[in-house]
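The values are calculated or read from the model by the stated rules, or taken from the named source; none is laboratory data. Bear in mind that the values here come from a model prediction, so they are computed numbers and not experimental data. When we count neighbours, we look across all protein chains shown, and the Cβ atoms used for this are built from the backbone with ideal geometry, even at glycine.
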Amino acid sequence: MKVFFTFLILSITVFSCKAPQPVVNIGTISETMTIEENKDDLYIKSNNWMVETFVSAKSVVQFSDKETGIVTGRYLLKETFKEQNGIKVPINSIYAIIKIQVKDNACKISITPEEFYESRSFTKNNPMNIDESMIRFEIGRLISSYKNYIETDNTLDFYQD
């Protein structure tokens, strides 16, 4: 009986101990763009880009100041789910602070994701997987989206006949 309890305690101890997952801290990724537009136009475009990009109610513009040319928001960068009783339940959310600074003929976007733990599953294409390369890809996608938006003429001519 003693042997059984010893085996049971050792089994519980071994299987309950997980190796600690390393925290991933990517830091800030920035890109500066030169574009021939005035500060006000770049500010409006940047603000509009955030509003159009932040489609989730979990993503919000937190600060916006036209005079200083700064727009800052908290963006839901990646979310993972598990299925529970046929319903997808969020289990991990990674947010990033996006800061855009504009001045005449230039703008800068900086994206700082929060620290996170990589999560992996042994099944192929599992939506619960999150790793550093995935987050870097999402940041690159956001920066490209912003750059394309800023370089495109998004003005509407309301006074056309």
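If we scan region 130-151, do we find a residue that is over 14 Å from the mean Cα position of the chain (by Cα), modelled with pLDDT under 90 and loosely packed, with under 12 Cβ neighbours inside 10 Å? So that I can check it myself, show each step before the final result.
First, pick out the residues of region 130-151 that are over 14 Å from the mean Cα position of the chain (by Cα): 147-151.
Still in the list and also modelled with pLDDT under 90: none.
Within region 130-151, not a single residue is over 14 Å from the mean Cα position of the chain (by Cα), modelled with pLDDT under 90 and loosely packed, with under 12 Cβ neighbours inside 10 Å.
Within region 49-62, can one find any residue that is over 22 Å from the mean Cα position of the chain (by Cα) and of a type in the set (A, V, I, L, M)? Within region 49-62 (the criterion being over 22 Å from the mean Cα position of the chain (by Cα) and of a type in the set (A, V, I, L, M)), the answer is no, since none of the residues qualifies. If you go through region 63-88 and keep only what is under 11 Å from the mean Cα position of the chain (by Cα) and acidic (D, E), you end up with just E79. Among the residues of region 64-79, those that are under 23 Å from N105 (Cα atoms) and surrounded by 13 or more Cβ atoms within 10 Å (Cβ to Cβ) comprise S64, K66, T68, G69, I70, V71, T72, G73.
Residue-wise test of (1) touching a Cys at 6+ places or on another chain (Cβ under 9 Å); (2) part of a strand (DSSP E or B); (3) of a type in the set (K, R).
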{"residue": "L42", "(1), (2), (3)": "yes, no, no"}
{"residue": "S46", "(1), (2), (3)": "yes, no, no"}
{"residue": "V55", "(1), (2), (3)": "no, no, no"}
{"residue": "K58", "(1), (2), (3)": "no, no, yes"}
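You will find that of K88, K108, K82, K99, the residue that is in a strand (DSSP E or B), modelled with pLDDT under 90 and surrounded by 14 or more Cβ atoms within 10 Å (Cβ to Cβ) is K82 and no other.
Scanning region 33-57 for residues that are within 19 Å of R141 (Cα to Cα) and among the basic types (K, R) yields a single hit, K45.
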